[in-house]
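Have a look at the structure below, then the notes.
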Amino acid sequence: MPTQLKFSDDEITSLATELAIDLSSAEKIAVLKSSTSCDIQAGPGCGKTTILTAKLALLAKKWRWSNRGVLVLSHTNVARREIETRLGQSQSLAQLLGYPHFIGTFQTFVDQFLALPYLRQEGVEITAIDNDKFVARALASFSKPEFSKAQFALKNRNEGLETIIGGLRFDGPQLVVTNPAASNRLFPGPESATGQLLKRLKERLARDGYFRFDDMYGYAEACLAHRKYVISIIRHRFPWVFVDELQDTNESQDRILETLFSADGCVMQKFGDKNQAIFNFDAGSIPAPELFGRRPSLPLSETHRFGDDIARFASPLSIVEPQTLKATVARDKRRHTIFVFDRGSIHRVVTSFADLVLSEVPESSRLKNRVCVVGGRKNLKEPKEKNFPEAIGDYWKGFQSDLSRKARMPDTLYGFVLEARALVSKDNSFAEPTMRITGGVLEAVRRATPDKQKPLIKTRTELKDFLIAGDSYPEFKKLMWDFLRSDPNISENTWNAKIESLLLLLKTIMPEANAPRVREFLAWTGHSESEANGSAVIEAEAENILLHRGVTAEISLWFDSIHGVKGETHAATLVLETFARTHDLKSLLPILTGNQKATNLTSTAFEHCKRLFVGVTRPTDLLCLAIFSEHVTDKDIELLENAGWHIERLA
Amino acid sequence: MRLAHLSADNFRIYGSKANAANLELAVRPGLTLLVGQNDSGKSAIVDALRLVLGTTSQDWLRITEDDFHRSNGAVAEEFSIYCRFEDLSDSEAARFLEWLSLTQGMPILELTLRARRVERTNKIGAKVWMVDASTRTGPNGQGKAVDGEIRSFLRLTYLKPLRDADAEMAAGRGSRLSQLLINHPAFKDEDKPSELPLLEAGKPQQPPPTLRGIVETTDRWIAASPAIAAARSQLNTEYLQKLSVGTDKLTGEITIHGQTGLRSILEKLELWLTKEGVADHTRHGLGLKNLLFIAAELLLLSQSAETGLPLLLVEEPEAHLHPQLQLRLMEFLEEEAIASGVQAVLTTHSPNLASKAKLADVSIVDRGRVFSLSENHTSLAPGDYRFLEKFLDATRANLFFARGVVIVEGDAENILIPVLAELIGASFSRNGVSVVNVGHRGLFRYGRVFQRASGPELPIPVACISDRDIPPDEASDYLGDRKKESVLIAEGKVALLDASLRKYDGQRVKTFVSPQWTLEYDLALSGLAKELHMAIATAKALSEKGTAPAADDLTSAEAAFIAEEAKQQSARQLAAFVFKPLFKKQASKVETAQQLAAALKDTKPTPADLRKKLPLYLVEAIEYACGITPSVPANANPA
C-alpha cells in the first residue's frame, strides 16, 4: 500500500548527498519521515519547496504502482513550474512529471478531473473558460433591454459593473449564483428582482458556453455531489497528496480537498505558512477559511533567507501559528531602520531608504535580488486627509496603482503580433509566438460572430483542422511567418494587405467580418519603427520602478503591495504604513515594541499583523519600516531601539 | 472491467447510423460467438476492435482506403468506431481516471476512433489520399485523447485465423513467446544477475536463482569448454586477426548470450509439445501446435492488468483442430478462462463450437447486420433457451450457418425432404439450406429463435413442415378410436386445429401444413401413390423378415396396388389404402422414407415431372427455404 511506505535515515542521508542539500535537522527529518495526513507549517525561507521536492524524491524511488500516483497541487503556475524544474533535473524524479502522477495547479486539477468531465457528460458546450472573455461577454449581454431593471439598480454601486457582472460565478455544489459584491449587506439578495435577473444572466452565459475560471470549482463540487463514486476512484488513484502554499486555499478548494482526501486510505500533507494567509484588499478575492487545528502540524522554522536580527523582528508577528524562526545562515548586522516622518517629509522616506540600502547592502546581494518598497494598500478610490498616510501613492507620486502584473490581452491583433515578436527575441523559437498570434486570430473570429451564436472555431486545434480541410494551412503559416519575420516593422500598407489575405482565408468562419468591432480589432495601430519595437516589451511587463541616483551608485526600487510580493525574496525591503480601517503599523506597535504578545488583537489588527509578517520576511539583508510620527510616542521609540531598531527621524 | 458495446459507422460493410446500416454489437460479459457466412461482416467486427484498442502482439493494422464504406459508388469521408467498457473496479477506474465518462450511476470508459479521408493533390498533380485518425475518450469522443500512457493498458490479445503456430512459437528476434513471457509477472526479476550458489556438502549443485544468472553461467562454461575454446582460438588467430587492418584487431566470441537483457534470453526459447514429460521431437501437426499456441496466449491473459485487457479476440479457433478438440477448446474457454475473468470474442465457421456455446452468447452476422440471439433480442421464451441449447448438438447447430432452414417433425421427413428438394432442382446443399428434425411439432417453437423482438427481421427463411393430421373419412375403416374429419368438422374443431398449427409463424418463420393428413398420405394423394406403396411394401418386408424383400414379394405388392387402383375409387381412397400399413405400424416410417427416396432417385425424374406429383405445400416449403420465388403450382389437389 502506498500509504505504508516508510523512509529510513540512511535513505534520507543518501538523498541529501544526491541532491546536495542539507537534510540533517530533526525538523526536516520528521517531515520527510511522516506518512500521515498533517500540515507542515513552513516559515518564510525555510526551504518548503526543497523539502517538498526531497519528499517527492523519496517517494519516486520507491514508487511501483502503475495505476496510482502522487498528486501535488499548487496555487500558481509560478509555484508549479518551480517544482517541475527541480524534478526535471534527475531521471528518477522526472517520472513524477507524468502519468500516473499529477503535478499542477488547483485549477488544472479541478478542470481535468472533475469539472470538464462533468460538463461533458451533461452535454454542456464550452466556448471559453477565461475571465477576460467572460467579462466582455457578460457586460455585452447585460446591456440588453431585458436587464434594464438590474442596470438601474446597480448603476451607482461602488464596486462597479465590471466587478459585479464580470464577477458573476457559480458557487458550491448547488451552483448558487454569486458575485464579489454579494457579501455586502446592502447588495440585493438572490430573491430580489435584481438577484433573479443576475441569475438569469449567469445561466444565459453558461448556456452560451462562457465561464469564469472559478466556475469550474462550482462544477467540481457539483460533480462530487452528483457522482459520488468519483471520490473513491480519486482516492484510489492519488493515495499521496501534497498541497503547496496552503495559506492561499480558498473555501471551495478547502471543501474539495476535505471531501476527497480526508479519509483513512489517503495521506494529505499541506505545506505552507498560516501566518502568511493574507488576502488582497484591492481585488476582493475570497478570504481563506479557518485553517486551524484540524490536523497535527509539523514545523519548519529554520530560515536561510535572513539573519537572526530580522528573525527576531518577525517571529512575534507570527500569530496564526506562532513560530520562532531561527536563522541558519549567518548574516552581517545591518542598520534595520524605522523611518519616522511627518506630513512634510513623507516624500523623503523612499530616498532615505534608497541611500541606506546603498550604504548597508553589498552589491552582491543587490545583484541577486531586488530592493522593494511595499505597503498594505496600493490604491484608494476616495482618499481622505484624516487617514494620512493611506496608501503607497502617498509616499511616491509616480506610483500607478492600476497596473496589473499579469499581461492583459491586447485590444488589437497588431498588439498580439507585437507581443509575439517580443517573444521571438526572448526565446528564439517560433512556437510560443505563433500561438500568441493565433490567439489573436481566434479573438478576431470571436468578434466576428454574431452575439446569439457561438463562434464556429473556438480553439487552435479547430482552426488548424479548418485550414487543413480548406487546403489553406500553408498559406496561413506563411502569414504567421511574415508577421514574425525579424525584418523591421510592418508598415500600414503591408499590414492591411496581410489582413485582407487573412480575411479571405477565414471568411467562412467570420460572418460579421465587416462589423466595426472587428475592423477596430484588425486595424493597424503601430507607431514609428523604434517605438513599435520598444513599446511591446514595456506593455508586457508592467512594473512600478523608481530609479534612485545616490551619491556613488544607482539603485532601482520596485514598488508593490504586500500581497503582490508574496513568496518573493528581496535584498532589502521597506514596509510603508498604510490605512485600512486603521493604520496598520500603528495598531501593531505594541507587538513591535515587545509590549504585548500577539493576542487579543482586533480582527482588523489580526489581518494587519499577517500582512506585516509577510512584508518583514522578504528581505535577506535589510529591513526597514516607515511610521507616521503622530503614531509613535517617545516611549515607543525607546522600546523600539531596545528591540534592535535604528530610528531615523525625517524632519 | 468488461467490454460492453461496440459500434461502427461507415466502416467497411457497415453503413451509417442515419440509414440504420451501422454496426451495433452488444458484447456479452463472457463469451461472444459470431457466426456468419464469409463476407457477412464478421471480420469487420474483429478489425474494428483491433483498430480501436490495439493488440498485444503489436501487429499494426493500417487504415486503408477500403476501410471507408462505399455505397452507390460514393466513398464515405469519415468512419468512426466506438466501444464502451463498464463495470470498472476502483483500481481500474483509478488507472483511467482522466479518460472516464462520468455517467449518472457509474464511471464508464468510452473510446471513439475517428478516421478521416482527405484527398490531396501532390506536387506532380496526382491525387493522393491520406488518413487522419485520432482516438478520444468521453461522451461523443469529446474528452481526452488516448495517448501512449494508457494505450498499453487497452490492448487486447488477438489470434488470427490460420495461425502458423510453428512460426509463432519458434525462437527468434521478437518472437511471440518472448513477448508473452516477458510480460508475465513471474519473470519480473529474472533479469537480475545471479551466481551459482555455493556447493553444499552432500547436495547436488543448485543453479543460479535467476534466468540471467543461469544463462551467464552457462555462457562462461561454454566459453571455457575445450572445443569452443579451440574453435575460437583458431578463428581469431588464423583468420580474424589476419583480416584486420591497422591496429584494430578483430576478435570473435562464441556464446549463447550475445546481448544483455531478459528479452534476448527469452527470444532464444522455443515452445514445443512433450509426451508425458519425455521429449517428443516428432513434428506435430498444426492442430496440436495451435492448441499449444492458444494455451500460451491464455497464460498471459488473465494475469495483471499491466499488459493489456483480459480480452481475447480469436478468429476461427477451430482452425486445424479435430472436432473433438474443438469441443474441448470451447469447454475450456467457457469453464476456465471466462470463469477467471477473461472476456472472449470469437468468430467461427464450426457448428461444433456453436453447439457448445450458450445460445445467448451467439450473434448471427448477415450481410452487414448483427443479430444477437440473447434473451431480449429473440422471440424465444427465456425458459426455452436452456432446452434449445441442450437440443442443439453439432449437427443441429448448423442451422446457425444456414441460409435457409427447414424444420421437420420426424426422421422420415428428415430423410425424404432433402431428396425431394434436390430432385425438383432446389438442392438444399446448393442453396445452403439446413434441415433440423425437432422430433415433435411442439418444438416448432424453437423456430422463434429466428424471430426478432424488435428491429429488422433476420433474413433467414424458416419453413416448418407439419402434418395437418386430420384423418380423412376414407380411412375410417382402420382408424379405430381416432376421430375422422367429418366428426371433427361437426365438433367445430377443425378451424382451431388448423390455427394452432401456425401459431409459431411470424416474420420469416412460416409453417407449411399438409393439406390433409400426413406427409405420406398426402404424397400418395398427390401422385406418388404407387411409389409409396412399393416403398412401404419393401419396408414392411424388412421389418417382418429382417431382410430385403424377394422379387416375388415385390411383384405381389405391385399387383395388389394395381388391383386396388382398378377399383376406380377416388384418389383419397387409394391413398388411404396405400397408407394403411404405415398407420398400423406394420412398416417403419423411416425405412419407408429411405426406400422411397432411393426409388425416386433411381427413376431420375425431371424436376418438372416430379413437381407435378408432389403436394403443393412441400414444393412451396422447399422453395421458400431456398429463397426461390414460387413457380407454376405443382398440382391442384384433387379433393
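Throughout, read-outs are computed from the coordinates displayed, never taken from laboratory work. Just so it is clear, the model here is predicted, and its values are computed rather than measured. Please note: Cβ atoms are built from the backbone with ideal geometry, for glycine as well, and neighbour counts cover all protein chains shown.
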If I model a spin label as a point 7 Å beyond the Cα along the Cα-Cβ vector, how far apart are those points for B:Glu375 and B:Phe187 in nm? 4.3
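If you place +1 on the Cβ of every Lys and Arg, -1 on the Cβ of every Asp and Glu, and leave all else neutral, what size is the dipole of chain A about its Cα centre, to the nearest 20 Debye?
Value, rounded to 20: 1400 debye.
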Just to confirm the number: angle between the C-alpha axis of helix A:48-62 and the first principal axis of chain A, 0 to 90 degrees, nearest 10? 70
The answer for the per residue Cα convex hull volume of the stretch A:552-651, in Å³, is 130
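Evaluate E = 1/(1 + (r/R0)^6) for A:Glu191 and A:Phe606, where r is the Cβ-Cβ distance and R0 equals 51 Å; express this FRET efficiency to the nearest 0.05.
For A:Glu191 and A:Phe606, the calculated efficiency is 0.95.
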Sum up the charges of everything whose Cβ sits under 14 Å from the Cβ of B:Lys192, counting Lys and Arg as +1 and Asp and Glu as -1, but leave B:Lys192 out. -3
R0 of 22 Å, Cβ-Cβ distance A:Thr461-A:Arg485: FRET efficiency to nearest 0.05: 0.30
Under 9 Å from the Cβ of B:Val128, count the other residues' Cβ atoms, weight Lys and Arg +1, Asp and Glu -1, and hand me the total. +1
Any chance you could run the full-extension gain for A:Asp355 through A:Arg64? It's 0.36 nm times the residue separation minus the Cα-Cα distance, nm to one decimal. 99.0 nm
Taking the Cβ-Cβ separation of A:Lys478 and A:Glu512 as r and a Förster radius of 25 Å, what is the calculated FRET efficiency to the nearest 0.05? 0.45
Hey, rough spin-label estimate for A:Ala651 and A:Asp10, points 7 angstrom out along Cα→Cβ, what's it come to in nanometres? 7.2
Checking the stretch B:77-138 for trypsin sites (Lys or Arg not before Pro) in a loop per DSSP with at most 12 other beta-carbon atoms within 10 Å yields B:Lys123
Can you say what percent of the DSSP beta bridges in chain B, counting only those with both residues inside, are antiparallel? Round to 5. 60
Ranked by how many other beta carbons lie within 10 Å on average, peptides B:347-354, B:39-46 from highest: B:347-354, B:39-46
When the chain is fully extended, how far beyond the present Cα-Cα distance does A:Ala643 get from A:Ala20, taking 0.36 nm per residue of separation? 220.6 nm
Could you bin all the Cα-Cα distances of chain B into 20 Å bins starting at 0 and give me the percent of pairs in each, rounded to whole numbers? 15, 35, 27, 16, 6, 1, 0
Would you mind giving the mean number of other chain beta-carbons within 10 Å of the Cβ of each residue in A:113-119, as a whole number? 4
To the nearest 10 degrees, how steep is helix B:42-53 against the longest Cα principal axis of chain B, on a 0 to 90 scale? 30
Leading residue at positive end of dipole, the protein assembly as shown (Cβ point charges), from A:Ser143, A:Ser35, A:Tyr118: A:Ser143
Where does the stretch A:131-212 land on the Kirkwood hydrodynamic radius, alpha-carbon pairs, in angstrom? 12.5
Using Cα positions and a limit of under 21 Å, work out the lysines in reach of A:Lys202, with same-chain residues fewer than 8 apart set aside. A:Lys133, A:Lys144, A:Lys149, A:Lys155, A:Lys452, A:Lys454, A:Lys458
Using the Kirkwood radius over Cα pairs, work out the Stokes-Einstein diffusion coefficient for the protein assembly as shown at 4 °C and 1.567 mPa s, in µm²/s as a whole number. 33
Sparse-neighbour loop sites [trypsin sites (Lys or Arg not before Pro); the stretch B:485-559; at most 12 other C-beta within 10 Å; DSSP]: B:Lys503
Are there any trypsin sites (Lys or Arg not before Pro) in the stretch A:22-72 that are in a DSSP loop and have at most 12 other Cβ atoms within 10 Å? List them by number. A:Arg64
In degrees, nearest ten, helix A:131-142 long axis to first principal axis of chain A (Cα): 60
Per residue of A:230-236, how many C-beta atoms from partner chains lie within 10 Å of its own C-beta, taken as a mean? 5
Fully extended, how many nm does the chain gain between A:Asn158 and A:Arg295 (0.36 nm per residue separation, minus their Cα-Cα distance)? 45.3 nm
What are the lysines whose alpha-carbon lies under 19 Å from the alpha-carbon of A:Lys386, with same-chain residues fewer than 8 places away excluded? A:Lys378, A:Lys397, A:Lys586
Around B:Ala397 (Cβ within 11 Å, Cβ-to-Cβ, excluding B:Ala397; K/R +1, D/E -1) the net charge comes to 0
Starting from the 7 Å offset along Cα-to-Cβ, what nm value, one decimal, do you get for the label separation of A:Arg207 and B:Asn19? 3.8
Please compute P(r) over all alpha-carbon pairs of chain A, binned at 10 Å starting from zero, and give each bin as a whole-number percent. 3, 13, 21, 24, 23, 13, 3, 0, 0
